[in-house]
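What follows is one structure encoded as structure tokens, with my remarks underneath.
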Amino acid sequence: MYASRNESWDNVFNNNDVNFMFNSFLNTFLRIFYSSFPLIRIKIRNHKFSWLTVGIKTSCKRKRELFILLRNSNNPDLKQYYKNYCKILGKVIKEAKKMTISKRISNSHNKSKTMWNIIKDLLGKQHCTQDILKLTTEANHVTKQHSIANALNNYFSNTINKTKCHSLGNMTLDNLTPYSYLDQCSTDPLPPMVFKSFSTREIISIIKSLNTKNSSGYDEISTKLLKISANYICSPLTYICNKSISTGVFPD
């Protein structure tokens, strides 16, 4: 992956079209990535729910092929075909999961326990929440749940009312209407909007602030991969971001 340190990114820096710049960056990045980490075939253990049939696997592979074709094409018919294909495949997977879960419950001796185990599996591990046992107010210590809820409600309601009254000047909440609120807000001049250029340090800081995940979106780049290569791709990314802001064009 560190082969990107020797990349000049000429296709990015020598162009003024934001879409072309981003597509060039993405294609170059993926080319380096797949040449560094070629795809290999691995065996997957049996899925916990046996809904993942051979037919569904084949359809998912076909969906992936269509996705790659669509990414490099502007054909509206292909785009519509891909959407319909995804919709049908989603329905098939949903029905397969439904049949598998129903079969698992029907074959179980303890259907209630099995049902709750399935729900836990689908939702993932849930963290136990602890109730607030005591709340200290200006007056006293509140321990009853109903009283705690009322105390919190009163506090936030009064805070909101004070904020509204302060921002609206002499206007009261009794005679406040949506139109009067907008009229009052329009009397205060809005601060001027100033665009400043990004720096590579800011781009790297933003990348490092992202949650580290192995999953990827449309661009096939995970945040984990983005963080690993941040120092080598920050220059073209910064240039693309600044060009997008200055031209008012966001990559398609």
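Any read-out appearing in this document is the output of simple, stated calculations on the displayed coordinates, not a laboratory observation. Since this is a predicted model, take the numbers as computed values, not measurements. All Cβ positions, even for glycine, are placed from backbone atoms using ideal geometry, and neighbour counts span all protein chains on display.
Straight Cα distances below 23 angstrom link K144 to the lysines K134, with same-chain residues fewer than 8 positions distant left out. Net charge in the neighbourhood of F195 (other residues with Cβ under 15 Å of its Cβ; Lys, Arg +1, Asp, Glu -1) is +1. Beyond 29 Å in Cα-Cα separation lie the following of the pairs K87/K208; K97/K213; K61/K224; K57/K224; K98/K224: K87/K208; K98/K224.
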